[in-house]
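What follows is a set of notes on a single structure, which appears directly below.
The values are calculated or read from the model by the stated rules, or taken from the named source; none is laboratory data. Keep in mind that what you see is a predicted model, and the values were worked out from it rather than measured. Cβ placement follows ideal geometry from the backbone for every residue including glycine, while neighbour counts extend to all protein chains displayed.
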Amino acid sequence: MGGAQLLSVDVAPLGVAPPDVAIVGCGPVGALLANLLGHAGLSVDVYDRETEIYALPRAVHFDGEVMRVFQAAGLADRIAGATRPSPYGARYEDAAGRTLLIRHGTEGPGPHGWSGSWYFHQPLLEAILREGLARFPNVRVHLGHEVRSVDDLTARYVVGCDGARSLVRRAIGSRQVDLGLHQPWLVVDLLCDPASPRTQALPLHSLQFCDPIRPMTLVNVNGERRRWEIMLMPGDDQDRLTKPEIFWPMIERWLGPQDARIERAAVYTFHSVVQEGWRKGRLLLAGDSCHQTPPFLGQGMCAGMRDASNLAWKLAAVLKGGAPDSLLDTYESERRPHVTEFIELAVRLGAVIQATDPQAIADRNHRFAKGTEMFDFPQPQLGPGWRMDGASPVGTIFPQPRLEDGRLMDEAIGQRFAIVGERSLLAGLKTTAVLLPGAGGDWLAAHEARAAILRPDRYIFALARDRSELLEATERALLSFDSACS
Ligand SMILES: Cc1cc2nc3c(=O)[nH]c(=O)nc-3n(C[C@H](O)[C@H](O)[C@H](O)COP(=O)(O)OP(=O)(O)OC[C@H]3O[C@@H](n4cnc5c(N)ncnc54)[C@H](O)[C@@H]3O)c2cc1C
């Protein structure tokens, strides 16, 4: 667990000033948020009831946008060294080997300046995020410290990154919206013998094996590690599923006990829910505490990381920059529709993978009789909030091209509002302005714009076609935030 300190202290002991932000939960979302807030110079207390990082198998994939958030936290190189970029997407095959669906992969850097898909071991990623906190004297980590009441926390704002059974959510009184999918699955990480011909024959892409007898997911994680997710079927005894005589026959068409050993296993019920009410006064939610995504897209944690990115700059703007507290109301209005789009797609994919009854299989065969369907990760527009009204791509994330000096765009900008675009439009502007060569300029031209105003999280506040549009949007965007985000 590296630099994360085990501190056993009372909440806000005498003589210690209350922090700007208390974070309940130091899972991936809480740890990332603490890094981003630490970077912004806020004082932060992070609490987790456990002393050790959660060891059972969960997330294995994050996308290029999330790597860009790690870049903002100053951790991209460290994380890139411990994860595996993959050019391969995912294939959905039926029992006869027919390809129903393909999620595209990306060769080389994608639009965010990083590979579009990364595979990893969640405990290792969380360890890096916790080690990152040691860089900030303004961030204090309290492990082995269960928060029993939010009233004990004296911070200006309290963020519940405390997972699916969130205490902070109960204090807010959020309302759960059920998006319909709840299904138990066995999740197993295997350590495979690299010399085994059967290991070598495993697919490099992710495989969703849509077999009505036993739906499964196979993921090439990294090194020797492969993930198997196996849907529970009626009559399964979940306590016996990892017994050798039950487990190995289920995957015998790929591997046997001579090729691999079980590293760890757990049964989870995959859920699809989103909460209404991510904020009440000084209490806020992020990550699984306010939404849960079935893992068919590898996007649940990613959504929490996007929450952290959205919330971090707003907390900094309010606490350090004099922005109005109402800015924090835009957090849920922007993020909830965005994450809902991912969850709904994961639910639709779940219907393809989890189909087991004859009518559902007949419907599926009819749908894919026309051939294989292709798709990408969605790139939804944020809901209404701190942006100009307008159609997408306003309210979507701007790409990250490389600049002429070789740097990635975000390195040149820093964590602040910025204007990117053509030289003639930017001349004389006081705010951070970056001239966009090549790919960035082409992107603007493709959207009939000559400049874009970017928020600190790189989402597009406004696009401008000429100088007067740019000046109007700049005035709306920057007046209250100039000092906040520089
Ligand atoms: C099988 C499976 C596969 C998945 N695959 C992917 C994937 O490939 N990609 C992806 O993006 N997502 C994936 N996910 C989802 C991902 O694992 C979760 O979304 C993510 O772990 C949620 O992070 P979190 O920080 O919000 O919550 P958690 O990881 O649950 O962390 C919450 C933390 O809060 C602490 N806590 C709770 N209550 C208190 C309290 N009262 N006081 C102090 N501490 C407290 C807990 O100890 C815990 O450390 C998968 C999930 C599963 C189950």
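In the stretch 26-58, what residues are small (Gly, Ala, Ser) and closer than 24 Å to ALA265 by Cβ? Before the answer, list the steps.
So the first thing to find is which residues in the stretch 26-58 are small (Gly, Ala, Ser), and the list is 27, 30-31, 34, 38, 40-41, 43, 55.
Once the filter is applied, which keeps residues that are small (Gly, Ala, Ser) and closer than 24 Å to ALA265 by Cβ, the stretch 26-58 yields GLY27, ALA55.
Of GLY287, GLY298, GLY223, GLY304, which residue is of a type in the set (Gly, Ala, Ser) and either surrounded by fewer than 16 Cβ atoms within 10 Å (Cβ to Cβ) or away from the ligand (no atom under 14 Å from the Cβ) (or both)?
Values: GLY287 fails: either surrounded by fewer than 16 Cβ atoms within 10 Å (Cβ to Cβ) or away from the ligand (no atom under 14 Å from the Cβ) (or both); GLY298 fails: either surrounded by fewer than 16 Cβ atoms within 10 Å (Cβ to Cβ) or away from the ligand (no atom under 14 Å from the Cβ) (or both); GLY304 fails: either surrounded by fewer than 16 Cβ atoms within 10 Å (Cβ to Cβ) or away from the ligand (no atom under 14 Å from the Cβ) (or both).
Of the residues listed, the single one that is of a type in the set (Gly, Ala, Ser) and either surrounded by fewer than 16 Cβ atoms within 10 Å (Cβ to Cβ) or away from the ligand (no atom under 14 Å from the Cβ) (or both) is GLY223.
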Tabulated pairs, the stretch 218-237, first closer than 22 Å to ALA82 by Cβ, second within 13 Å of the ligand (Cβ to nearest atom) and among the hydroxyl-bearing types (Ser, Thr, Tyr), C-beta under 6 angstrom, 6+ apart or interchain:
VAL219/SER206; VAL221/TYR119; ASN222/TYR119
Within the stretch 117-146, can you find the residues that are within 13 Å of the ligand (Cβ to nearest atom), of a type outside the set (Ser, Thr, Tyr) and in a strand (DSSP E or B)?
TRP118, VAL141, HIS142, LEU143
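Would you point out which residue out of PHE70, PHE62, PHE120 is under 24 Å from PRO399 (Cα atoms) and in contact with a strand residue (DSSP E or B) (Cβ under 6 Å, 6 or more places away or on another chain)?
Working: PHE70 fails: in contact with a strand residue (DSSP E or B) (Cβ under 6 Å, 6 or more places away or on another chain); PHE120 fails: in contact with a strand residue (DSSP E or B) (Cβ under 6 Å, 6 or more places away or on another chain).
Unique residue meeting the criteria: PHE62.
So, restricting to strands (runs of 3 or more DSSP E) that lie completely within the stretch 339-448, which ones have at least 1 residues that are modelled with pLDDT of 90 or more and surrounded by fewer than 12 Cβ atoms within 10 Å (Cβ to Cβ)? Before you say what the answer is, go through the steps one by one.
Numbers: elements: 373-375, 418-421, 433-435.
Filter on the stretch 339-448 gives 373-375.
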Complete set of residues in the stretch 81-106 that are part of a loop (DSSP other than H, G, I, E, B) and aliphatic (A, V, I, L, M)
ALA82, ALA95, ALA96
Any residue in the stretch 15-25 that is at pLDDT 95 or above, under 17 Å from VAL69 (Cα atoms), of a type outside the set (Gly, Ala, Ser) and out of contact with any helix residue (DSSP H, G or I) (no Cβ under 6 Å at 6 or more places or on another chain)?
no
Counting only residues that are in a loop (DSSP other than H, G, I, E, B), in contact with a Lys or Arg (Cβ under 9 Å, 6 or more places away or on another chain) and not hydrophobic (A, V, I, L, M, F, W, C), which one in the stretch 34-55 is farthest from the ligand (Cβ to nearest atom)?
GLY41
Some residue of the stretch 64-72 being within 13 Å of the ligand (Cβ to nearest atom), among the β-branched types (Val, Ile, Thr) and touching an Asp or Glu at 6+ places or on another chain (Cβ under 6 Å):
no
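Take ARG98 and decide whether it is more than 10 Å from the ligand (Cβ to nearest atom), among the charged types (D, E, K, R) and either in contact (Cβ under 8 Å) with a residue 24 or more places away in the chain or within 27 Å of LEU202 (Cβ to Cβ) (or both).
Values: more than 10 Å from the ligand (Cβ to nearest atom): yes; among the charged types (D, E, K, R): yes; either in contact (Cβ under 8 Å) with a residue 24 or more places away in the chain or within 27 Å of LEU202 (Cβ to Cβ) (or both): yes.
For ARG98, the condition - more than 10 Å from the ligand (Cβ to nearest atom), among the charged types (D, E, K, R) and either in contact (Cβ under 8 Å) with a residue 24 or more places away in the chain or within 27 Å of LEU202 (Cβ to Cβ) (or both) - is met.
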Within the stretch 227-282, restricting to residues that are surrounded by fewer than 17 Cβ atoms within 10 Å (Cβ to Cβ) and in contact with a helix residue (DSSP H, G or I) (Cβ under 6 Å, 6 or more places away or on another chain), the one that is farthest from ALA90 (Cα to Cα) is LYS280
Looking at the stretch 181-201 only, could you name the residues that are of a type in the set (A, V, I, L, M) and crowded, with 17+ Cβ neighbours inside 10 Å?
LEU181, LEU186, VAL187, VAL188, LEU190
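Taking the stretch 118-163 only, how many residues are free of Cβ contacts under 8 Å to residues at least 24 places away in the same chain and closer than 16 Å to LEU37 by Cα?
Residues of the stretch 118-163 free of Cβ contacts under 8 Å to residues at least 24 places away in the same chain: 137, 148-149, 151.
Next, only the ones that are closer than 16 Å to LEU37 by Cα stay: 137.
Matching residues across the stretch 118-163 total 1.
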From the option list ARG58, ARG78, single residue qualifying as within 16 Å of the ligand (Cβ to nearest atom) and either within 14 Å of PRO28 (Cα to Cα) or outside any loop (DSSP other than H, G, I, E, B) (or both) is ARG58
The strands (runs of 3 or more DSSP E) lying entirely within the stretch 207-298 that contain at least 3 residues which are more than 21 Å from ALA360 (Cα to Cα) and not aliphatic (A, V, I, L, M) are 225-231, 260-276
Condition (residue is within 14 Å of the ligand (Cβ to nearest atom) and under 15 Å from ALA266 (Cα atoms)) applied to the stretch 194-215: is it met by at least one residue?
no
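If I go through the stretch 222-252 residue by residue, how many of them are among the hydroxyl-bearing types (Ser, Thr, Tyr) and over 31 Å from the mean Cα position of the chain (by Cα)?
Looking only at that region, the number is 0.
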Restricting attention to the stretch 297-304, does a residue exist that is at pLDDT 95 or above and within 20 Å of ARG170 (Cα to Cα)?
yes
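For the stretch 333-351, name all the residues that are of a type outside the set (A, V, I, L, M) and out of contact with any strand residue (DSSP E or B) (no Cβ under 6 Å at 6 or more places or on another chain). Don't jump to the end; show me each part of the working.
Just the residues of the stretch 333-351 that are of a type outside the set (A, V, I, L, M), to begin with: 333-338, 340-342, 344, 348, 350.
Answer for the stretch 333-351, where residues must be of a type outside the set (A, V, I, L, M) and out of contact with any strand residue (DSSP E or B) (no Cβ under 6 Å at 6 or more places or on another chain): SER333, GLU334, ARG335, ARG336, PRO337, HIS338, GLU341, PHE342, GLU344, ARG348.
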Report whether or not HIS271 is within 16 Å of the ligand (Cβ to nearest atom) and free of Cβ contacts under 8 Å to residues at least 60 places away in the same chain.
no
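State the number of residues belonging to the stretch 147-184 that are assigned to a loop (DSSP other than H, G, I, E, B), closer than 27 Å to TYR268 by Cβ and away from the ligand (no atom under 12 Å from the Cβ).
Within the stretch 147-184, residues that are assigned to a loop (DSSP other than H, G, I, E, B), closer than 27 Å to TYR268 by Cβ and away from the ligand (no atom under 12 Å from the Cβ) number 2.
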